[in-house]
Amino acid sequence: MLIRTPAELGAILRDRRKKLKLDQSTLAKRIGVSRQWVIEVEQGHARAELGLILRALDALDIRLDAGTEQTPARRITKPGIDINAIVARARKKKA
């Protein structure tokens, strides 16, 4: 999965949090931040500290892969998260 914007990252974090049945307060406690921080990150605010984002990914069991190559065969055989579907769902909920 390729995440290109803070909004896409926020949508991934929100989707995973909900799948784990965590509320924003519980996630915030696990990371060591305020609930407002979680809200802002999920809304795509770009000012979040990298260290805190990494803690959030870890708390939600999301693996970060810094690979530089992705072959077409690998994309086909390895199912991933559909970032476009998650972002579309998030936008529908806002409307």
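Per-residue answers, yes or no, for (1) hydrophobic (A, V, I, L, M, F, W, C); (2) over 20 Å from residue 94 (Cβ atoms); (3) out of contact with any helix residue (DSSP H, G or I) (no Cβ under 6 Å at 6 or more places or on another chain):
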residue: 15; (1), (2), (3): no, no, no
residue: 21; (1), (2), (3): no, yes, yes
residue: 28; (1), (2), (3): yes, yes, no
residue: 36; (1), (2), (3): no, no, yes
residue: 46; (1), (2), (3): yes, no, no
residue: 50; (1), (2), (3): yes, yes, yes
residue: 56; (1), (2), (3): yes, yes, no
residue: 63; (1), (2), (3): no, yes, yes
residue: 68; (1), (2), (3): no, yes, yes
*Name the pairs whose Cβ atoms lie under 9 Å apart, with the first residue in region 38-65 and part of a loop (DSSP other than H, G, I, E, B), the second basic (Lys, Arg) and buried (at least 17 other Cβ atoms within 10 Å of the Cβ), and 6 or more positions between them or separate chains?*
43/14; 60/16; 60/17; 61/16; 62/16
*For region 15-26, enumerate the residues that are over 12 Å from residue 62 (Cβ atoms) and either surrounded by 14 or more Cβ atoms within 10 Å (Cβ to Cβ) or not hydroxyl-bearing (Ser, Thr, Tyr) (or both).*
18, 21, 22, 23, 24, 26
*Can we say residue 65 is at pLDDT below 90, over 18 Å from residue 86 (Cα atoms), surrounded by fewer than 17 Cβ atoms within 10 Å (Cβ to Cβ) and not aliphatic (A, V, I, L, M)?*
yes
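The values are calculated or read from the model by the stated rules, or taken from the named source; none is laboratory data. The shown structure was predicted, so the numbers you read here are calculated from the model rather than taken from an experiment. Please note: Cβ atoms are built from the backbone with ideal geometry, for glycine as well, and neighbour counts cover all protein chains shown.
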